[in-house]
Amino acid sequence: SDTNDTAWLIRGARPLGGEPADLLLAEGMIEVVAGAGELVMGSPVQELDATGLIALPGLVDLHTHLREPGREDAETVESGTAAAALGGFTAVHAMANTDPVADTAGVAEQIWRLGRQAGRCDVRPVGAVTTGLEGRRLAELGAMADSAARVRVFSDDGSCVSDAVLMRRALEYVKAFDGVIAQHAQEPRLTDGAQINEGEISARLGLTGWPAVAEEAIIARDCLLAAHVGSALHVCHVSTAGSVEIIRWAKSKGWRVTAEVTPHHLLLTDELAASYDPVYKVNPPLRTAADVAELRAGLADGTIDCVATDHAPHPLEDKETEWPVAAFGMTGLETALRVVQEALVDTGLLDWAAVADRMSVRPALIGRLTGDGAPRHGAPLAAGSPANLVLYDPAAREVVDPAAHASRSRNSPFAGMSLPGRVVATFLRGTPTVLDGKLAR
């Protein structure tokens, strides 16, 4: 699924929302970027009229659950990468909480190979920090890093590495190969039996509350550990105003701390949980409108580095059940860019260049996808860059219908909601994976 011989001429797209331009894609690269209408082609090319469309570098997701191996009823690498391509993504990081867990070089390589076969976007496996995600001893971090999958991001996501000594050791270990530990910040003893955000709504519904401090305490501890060790910490799915403040403080010290926020935490609040509909049950939980406002501000000012979907597909029977036993999680790949437009672009907090930074450039850097023999993602839309890009129509608007999604699961919290935007085309190394809003092959 690498480069093909077809050259593509994209006419009249607006790179990063700027002036219209023509882009010539050939042999997997962006060959020429010229003013709109300036390119006169001698040889035959496929032409695509992109008038009115915004061109962005292919999106990169640091946090995707592809569920394979083990939960192919919820998602497969094939279906998950199809969903990713339809959302404008050219690279995703596959979380380790599969069955078996990606805690060995063998499982990591299996996931990486499945990604190569599916060919719709690059799949980088995330390795587990601890064996079996059990939080007791370190997994084979070095072996996974040295494997063909070249694992650089490690996370027990779904569980917190709550043992401070183990967390310190993990941070020390990955320094040798410029790895990063991505922490699911959740103090387990403060969230025992927790169901939704601790606050007014939880009190009213009589559901066990999930206090903001359970997230913030772990983030504060881990920022201090990362500083002590001089290693790289990435904070998964930040959800509270206090967390943003702690990360801002850590960054002001020059510590190697990065963070992500999910589309759902940028748009939805815990008010939705009052419906008792488990589609709104997620870890960390939806928080208050005040938290949402601070998350948006943190993403806008760069305190939060990037948007990551935390795409967490589940089969119907795991979600359409009573709230306390329903699974945590929401799908997100196919709606991410649209939600970001709604929450940040249309509200004036981010322009399209900043969207490219938060959804492609920075996640590619954090995920170590730049150079080092890996296909480069997050590169500028310029001659000589790999032809990984997405063409997006910001003027479109339609109601989200999960039944039309490529994901095997339907648990989208945006179902029935009207959102702006439409991914028209996605190119991976010059080959279209999506054309006219549909899978290209």
Next item on the list: Counting residues in segment 70-161 as N, plug N into 2.2 N^0.38 Å and put the Cα Rg over that result.
Entry: 1.03
Item checked: GNM top mover of 370, 288, 331 - the chain, alpha-carbon springs below 10 Å -> 370
Checklist line | segment 322-441 - accessible surface per residue (Å², probe 1.4 Å) | finding: 35
Check: Once the Cβ-Cβ distance between residue 325 and residue 245 is put in as r, and R0 is 30 Å, what FRET efficiency do you end up with, to the nearest 0.05?
Finding: 0.30
Check: Share of Cα-Cα pairs in segment 325-408 beyond 20 Å, in percent?
Finding: 49
Notebook entry, point to check: In segment 218-232, which residues have a backbone nitrogen under 19 Å from the label point lying 7 Å from residue 175's Cα in the Cα-to-Cβ direction?
Noted result: 221-232
Notebook entry, point to check: What accessible area per residue, rounded to a whole number of Å², is obtained for segment 1-135 using a probe radius of 1.4 Å?
Noted result: 36
Notebook entry, point to check: In the chain, what percentage of the DSSP-assigned beta bridges are antiparallel, given to the nearest 5?
Noted result: 50
Next item on the list: Calculate the dipole size of segment 1-156 relative to its Cα centre from +1 charges on Lys and Arg beta carbons and -1 charges on Asp and Glu beta carbons; express the result in debye to the nearest 20.
Entry: 360
Checklist line | Förster-model FRET efficiency, 25 Å R0, residue 383 and residue 19, C-beta, rounded to 0.05 | finding: 0.95
Check: Percent of accessible area on segment 230-281 owned by carbon and sulfur, 1.4 Å probe?
Finding: 54
Margin query: Pairs on different chains or at least eight residues apart, Cα atoms closer than 28 Å: how many lysine pairs in the chain fit?
Written below: 4
Notebook entry, point to check: In square angstrom, what is the accessible area per residue of segment 231-292 with a 1.4 angstrom probe?
Noted result: 30
Check: Got a sec? Charge dipole of the chain, +1 on Cβ for Lys and Arg, -1 for Asp and Glu; which of 182, 284, 203 is way out at the positive end?
Finding: 182
Notebook entry, point to check: How large, in percent, is the carbon and sulfur part of the accessible surface of segment 117-157 at a probe radius of 1.4 Å?
Noted result: 40
Note to self: If the elastic network links every pair of Cα atoms under 10 Å, which of 181, 54, 246 fluctuates the most in the Gaussian network model of the chain?
What the structure shows: 246
Next item on the list: Please state, as a whole number in µm²/s, the translational diffusion coefficient that the Stokes-Einstein equation yields for the chain at 10 °C and 1.306 mPa s, with Rh defined as the Kirkwood radius across alpha carbon pairs.
Entry: 73
Item checked: Sulfur and carbon atoms: percent of accessible area, segment 286-441 [1.4 Å] -> 54
Check: Could you give the length gained on full extension between residue 228 and residue 73, defined as 0.36 nm per residue of separation minus the Cα-Cα distance, in nm?
Finding: 51.5 nm
Checklist line | Share, in percent, of DSSP beta bridges within segment 100-236 that are antiparallel, nearest 5 | finding: 10
Check: In percent, how large is the relative contact order of the chain, given Cα pairs closer than 8 Å and 6 or more residues apart?
Finding: 20
Note to self: From the alpha carbon gyration tensor of segment 1-122, can you work out the equivalent ellipsoid semi-axes (sqrt of 5 times each eigenvalue) and give them in Å, largest to smallest?
What the structure shows: 36, 15, 11
Margin query: Among 367, 254, 106, which one shows the highest mean-square fluctuation when the chain is modelled as a Gaussian network with alpha-carbon springs under 10 Å?
Written below: 254
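The values are calculated or read from the model by the stated rules, or taken from the named source; none is laboratory data. A quick note: this is a predicted structure, and the numbers were derived from the prediction, not measured. Reconstructed Cβ throughout: ideal geometry from the backbone, glycine too, with neighbour counts over all protein chains shown. Remember, those area values only see protein heavy atoms, side chains included, never the ligands or the DNA or RNA. Shrake-Rupley method; radii C 1.70, N 1.55, O 1.52, S 1.80 Å.
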